[in-house]
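Below you'll find the structure, written out as structure tokens, and then a few comments.
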Amino acid sequence: MRSVLCYGDSNTHGQVPGGTPLDRYGPAERWPGVMARELGVGWHVIEEGLSGRTTVRDDPIEGAHKNGRTYLRPCLQSHAVLDLVIIMLGTNDLKARFNQPASEVAMAMGCLVYEIKELKPGPGGSVPEIMIVSPPPMLDDIKEWRSIFAGAPEKSRQLALEFEIIADSLEVHFFDAGSVVTCDPLDGFHINGQAHVSLGRALAREVEAIGWPDER
Amino acid sequence: MPDMRFAPPNPLRIADRASGLNAVSVRSYNERLVLSLLLQSKDITRLEIGERTGLSAQTVSVIVRSLEQEGLIAKGEAQRGRVGPPTVPISLNPEGAYSVGISVGHRQVEVVLVDFVGSIRSHTVLPFSAAQDTNHPQFMTAIAKAIADLPRHLHSRIAGIGLALPGDEAELELTPKAARERFDALQEEVEREIGYPVYVQNDITAAAGGESMFGVAKHLSDYLFFYLGARLHSRLVLNHQIYNTTAAVSFDVGILRLEQEIRKNGNSPSELWERRADWPSFGDAEIAWQRELLEQMKSSIAALKPFVPVASVVLSSYAPQAVCKAICRELEQAMPGISAIAGNIERSPKAVGAAGLPFSSRFMVE
């Protein structure tokens, strides 16, 4: 049995576009659930999505627990042994309060990769496969989130390239979610049910393409 | 001193993606390793690449993604319906790179345009008179035409031009006067006038390289290579390395010899030099010639045997494949334990091999 941890924000949590963090798609409708179904038996998919999660930043408003870096270690240890860690984060780092360019968000993704590589939660204390997923770009119309995400839509379109550069230089897998899904117009930065299906399927194909030798 | 883990990443590999092949990008050894592997076997998975190169899955993933975005490789359809997860095969993209190959023989100049997997996309034969003076516009025109045969938007994917030149003394004697001086100037001349990098190699070595890269010798690591041209030439290939000797020796049992035999019998040999699918039967002349040719091949193999265990022989030629196959059959019968294979680059093995030169210097591991 192989284990994959899906580490993300509200779009991994399954938050419904235009809703609150408590409005959530069902487990089978969220992309990790779709991916689990697509991968089939032999795979244990662990869903770990938190609305408002950043890569490495304590959120002065929403709280320090939104920091993806501080929660990553306990999370990895809780769920070890892990064959694969998929990280899809970045959108929340673009909030105006953090004032970060896309390249800094990518650097922060790099931090998380280092954390995983240092902790080695893979089989036999190895480094597991790591896949960075760049979130789908935000739409220009983000409704009442305009001031919170001031300047973010433009930066969000640069994330894919910046993430890929980081993935290449750290030699980890990379997937651009924007290549298969777009955000829903209801709020401009969450993905809807259909997009969860598309993303889950696409990521299942990416996971398979990594190439997994037969388990002993 | 900042922690180097958090220094800015190097965006080079991705940043130069859109620029086509003309920007001289230095390829990592691992990228070359993956491309070389794909040239040997199409439709292999990332898992197999990892197993055969010893690279980690993540490293393979980075390389494959980068090469894919550059258009050098293409992903196939996922293979399902077998035990275990579906697999996604990867192959070289034939349209990923192109190259022009030129061979200067003693009777004619051949110019080919080949794609990344060695398929000939355009082929021109110039009679030698046209190339006697290398400034002769026809020679350059033939190269320019080969390039023009490729749609304009693909010109940035031309990896370069390969030039196969004779180095063999006896072969040079067959060519018009001052051939060597002329050949020496060719590289610079073509580079200057056509504007792509030019790679030069001895023509027989180039032909062996062509069979190794695109032809029947793809999967052979050790073999004895024969080239049947005007004369008979040979090269030894060990562990994929072609031994390129400066003391090139050739034997007068080639097609020129057959021509003499045919003339002796009072017939016309003109069909020998036409690049056609088949030769007519030349009767006794051909039988006599074939006997001589086989004797020479046998003695070359026998001479080598105390030093190198030769098990595979490749016979490459522009002569019809049926002729080469017949010779191979005879050779196998005469020498049990030897596997003789006719080359399958039927038109212009030297020129196709020359076209492989830009690929091997820019994309492959030695």
- So which residues in the stretch A:77-116 are within 14 Å of chain B (Cβ to nearest Cβ), open to solvent by 60 Å² or more (accessible area, probe 1.4 Å) and in a helix (DSSP H, G or I), if there are any at all? A:104
- Considering only strands (runs of 3 or more DSSP E) wholly within the stretch B:155-231, the ones with at least 1 residues that are open to solvent by 40 Å² or more (accessible area, probe 1.4 Å) are B:198-202
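Per-residue answers, yes or no, for (1) modelled with pLDDT of 95 or more; (2) crowded, with 20+ Cβ neighbours inside 10 Å; (3) not in a loop (DSSP other than H, G, I, E, B):
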residue: A:6; (1), (2), (3): yes, yes, yes
residue: A:12; (1), (2), (3): yes, yes, yes
residue: A:33; (1), (2), (3): yes, yes, yes
residue: A:37; (1), (2), (3): yes, no, yes
residue: A:44; (1), (2), (3): yes, no, yes
residue: A:52; (1), (2), (3): yes, no, no
- Test: residue B:95 is within 27 Å of the chain's Cα centre (by Cα), within 14 Å of chain A (Cβ to nearest Cβ), open to solvent by 30 Å² or more (accessible area, probe 1.4 Å) and at pLDDT 90 or above: no
- Query: Can you name every residue in the stretch A:163-203 that is out of contact with any Leu (no Cβ under 9 Å at 6 or more places or on another chain) and small (Gly, Ala, Ser)?
  - Reply: A:167, A:169, A:179, A:193, A:195, A:198, A:200, A:202
- Query: For the stretch B:112-152, which residues satisfy the criterion of being of a type in the set (D, E, K, R), closer than 23 Å to residue B:182 by Cβ and modelled with pLDDT of 90 or more?
  - Reply: B:145
- Task: Could you grab me the full set of residues in the stretch A:118-169 that are surrounded by fewer than 21 Cβ atoms within 10 Å (Cβ to Cβ) and of a type in the set (Gly, Ala, Ser)?
- Result: A:124, A:125, A:126, A:147, A:150, A:151, A:169
- Query: Quick check: anything in the stretch B:234-255 over 20 Å from residue B:344 (Cβ atoms) and in a helix (DSSP H, G or I)?
  - Reply: no
- Query: Can you tell me which residue in the stretch A:176-216 is farthest from the other protein chains (Cβ to nearest Cβ), limited to those that are in contact with a Lys or Arg (Cβ under 9 Å, 6 or more places away or on another chain), among the hydrophobic types (A, V, I, L, M, F, W, C) and open to solvent by 20 Å² or more (accessible area, probe 1.4 Å)?
  - Reply: A:186
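Quick one: count up the residues across the stretch B:64-81 that are of a type outside the set (Gly, Ala, Ser), surrounded by 14 or more Cβ atoms within 10 Å (Cβ to Cβ) and more than 10 Å from every other protein chain (Cβ to nearest Cβ).
Summing the residues that are of a type outside the set (Gly, Ala, Ser), surrounded by 14 or more Cβ atoms within 10 Å (Cβ to Cβ) and more than 10 Å from every other protein chain (Cβ to nearest Cβ) in the stretch B:64-81 gives 5.
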- Query: Conditions: (1) within 14 Å of chain B (Cβ to nearest Cβ); (2) open to solvent by 50 Å² or more (accessible area, probe 1.4 Å). Residue A:172 meets all but one. Number of the miss?
  - Reply: (2)
- Item | Output for the stretch A:125-143, where each listed residue is free of Cβ contacts under 8 Å to residues at least 40 places away in the same chain and more than 14 Å from chain B (Cβ to nearest Cβ) | A:125
- Message: Could you list, ordered by first residue, the pairs with Cβ atoms under 8 Å in which the first is in the stretch B:41-63 and within 8 Å of chain A (Cβ to nearest Cβ) and the second is of a type in the set (Asp, Glu), at least 6 apart or interchain?
- Response: B:56/A:171; B:57/A:129; B:58/A:129; B:58/A:171; B:59/A:171; B:62/A:168; B:62/A:171
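The values are calculated or read from the model by the stated rules, or taken from the named source; none is laboratory data. These numbers come from a predicted model, not from an experiment. When we count neighbours, we look across all protein chains shown, and the Cβ atoms used for this are built from the backbone with ideal geometry, even at glycine. Please note that ligands, DNA and RNA were not included when accessible areas were found on the heavy atoms of the full protein model with its side chains. Shrake-Rupley method; radii C 1.70, N 1.55, O 1.52, S 1.80 Å.
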